[in-house]
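Comments concern the structure below.
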Amino acid sequence: MKPLLTVNSITKQFAATPIVTDVSFKVYPEEIFALLGASGCGKTTTLRLIAGFEKADAGTITMEDRVFDDQNTYIPPEARGIGFVFQDYALFPDKNVLENAAFGLSRKIPKKERHANALDTLERVGIAHLHARMPHHLSGGEQQRVALARSLATQPKLLLLDEPFSSLDAGLRQATREEVRELLKASGITVVLVTHDQEEALSFAERIAVMNSGKIEQIGTPTEVYQHPNTEYVARFLGTTNIIETDIKNGIADTPVGTLEVDSPDTTHTLISIRPEHLHIEKQSTNARDRKQGHIVAREFKGHDFTYRVEVDGKQYFVQTDYQQHFEVGDVVTLKPVEAVVIPN
């Protein structure tokens with residue numbers, strides 16, 4: 001399958017400070033692709049380069065066979081046919097919902113037809129009944145849907161989403177995310193999402209590019225980047241983990257909390273990642289005397305599970321259990337690793 005969007009070795013700096021460095025990736029038709037990283041990693045700048053709000057210092061951006069940005073070409077945002085939903089939604093406060101949704105449509109189209117098109121799009125995003133309201137009379141979730149409708153009304157081939165759920169409260173965020181994803185997949189629109197939220201990227205996107213300091217460290221499906229991180233940064237950024245240096249011999253890794261099988265050739269001084277859910281914990285018992293003792297120094301209850309910090313030989317490890325496994329701070333326990341991933345050198 002040919003990609004819809006191709007970003008090839010783009011670079012951007014501001015005041016001699018590199019923001020995006022040699023970034024390359026492809027996005028395929030109807031795919032939801034996420035740029036994931038911490039604040040300041042360059043992900044929003046990359047999105048703005050794709051949209052045309054910034055011009056790349058080097059590299060090429062193309063959509064299908066059309067060059068948007070290279071050494072000799074620069075197509076302005078309004079001529080790219082790309083939809084963009086801003087983090088703050090950027091609604092016009094003096095226009096009602098219908099007028100906001102219709103704003104991106106060509107003025108060559110009669111007003112009645114523009115409003116009919118916009119009303120149809122508002123229906124698709126579930127807020128047609130709010131068409132006469134002003135933005136300041138809407139909730140955060142409703143404002144987001146207006147911004148989404150405004151972009152969808154122009155029927156773009158590519159839609160860019162900049163932290164679209166960050167301003168919603170936690171209770172609304174997950175439900176809205178699921179509804180918007182279902183809507184986008186039903187519409188067959190290709191999407192590039194920017195987010196700093198690991199859970200959001202893992203649940204919303206079909207592929208993820210993890211960015212760090214202006215560069216992409218890994219691209220893959222949510223399962224690939226979570227279960228098989230290419231770097232220590234990716235392992236740590238995709239959720240809590242325990243990074244341990246170890247030697248591997250005959251497929252066995254020796255760690256401070258026990259040995260376990262790993263899929264790796266013999267090596268020394270390599271790093272492995274053990275997720276908290278892959279450490280088994282139990283209270284010290286007579287049949288576990290061969291294992292090192294530790295003690296619980298902290299615990300966090302999250303409703304559906306517990307996360308414990310366990311100290312063994314002066315080092316602390318994160319352990320996650322379901323809500324039925326109760327331990328108290330100070331309990332003497334033993335740990336047993338059940339699964340680990342070797343981080344490539």
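Brief remarks on what is shown
- Residues of the stretch 317-335 classified as exposed (fewer than 15 other Cβ atoms within 10 Å of the Cβ), in a strand (DSSP E or B) and within 32 Å of the chain's Cα centre (by Cα), total: 1
- Summed over the stretch 100-146, residues that are under 29 Å from the mean Cα position of the chain (by Cα) and either under 18 Å from Glu178 (Cα atoms) or among the hydroxyl-bearing types (Ser, Thr, Tyr) (or both) total 15.
- Here no strands (runs of 3 or more DSSP E) wholly within the stretch 1-73 include at least 2 residues being crowded, with 20+ Cβ neighbours inside 10 Å and modelled with pLDDT under 95.
- Considering Leu271, Leu260, Leu193, the condition of being crowded, with 19+ Cβ neighbours inside 10 Å, outside the structural domain of Leu36 (by TED's automatic domain parsing) and either within 21 Å of Leu160 (Cα to Cα) or hydrophobic (A, V, I, L, M, F, W, C) (or both) is satisfied by Leu260 alone.
- Whether a residue is in the same structural domain as Gly330 (by TED's automatic domain parsing), exposed (fewer than 14 other Cβ atoms within 10 Å of the Cβ), at pLDDT 90 or above and within 30 Å of Pro164 (Cα to Cα) was assessed, and Glu300 passes this test.
- Test: Gly83 is touching a residue at least 12 places away in the same chain (Cβ under 8 Å) and closer than 30 Å to Ala128 by Cα: yes
- Set side by side, the residues Gly171, Gly126, Gly140 differ, and just one is over 21 Å from Val225 (Cβ atoms) and in contact with a Ser or Thr (Cβ under 8 Å, 6 or more places away or on another chain), which is Gly140.
- Out of Gly314, Gly294, sole residue that is surrounded by 19 or more Cβ atoms within 10 Å (Cβ to Cβ) and more than 22 Å from Val234 (Cα to Cα): Gly294
- Restricting Glu178, Glu217 to those that are without any contact (Cβ under 8 Å) to a residue 40 or more places away in the chain, surrounded by fewer than 18 Cβ atoms within 10 Å (Cβ to Cβ) and not β-branched (Val, Ile, Thr) reduces the list to Glu178.
- Against the numbered list (1) under 27 Å from Gly52 (Cα atoms); (2) modelled with pLDDT under 85; (3) not hydroxyl-bearing (Ser, Thr, Tyr), Gln143 comes up short only at (2).
The values are calculated or read from the model by the stated rules, or taken from the named source; none is laboratory data. This structure is a prediction, so every number in the text was calculated from the model and none was measured. Glycine also receives a Cβ, built like all others from the backbone with ideal geometry; neighbour counts cover every protein chain displayed.
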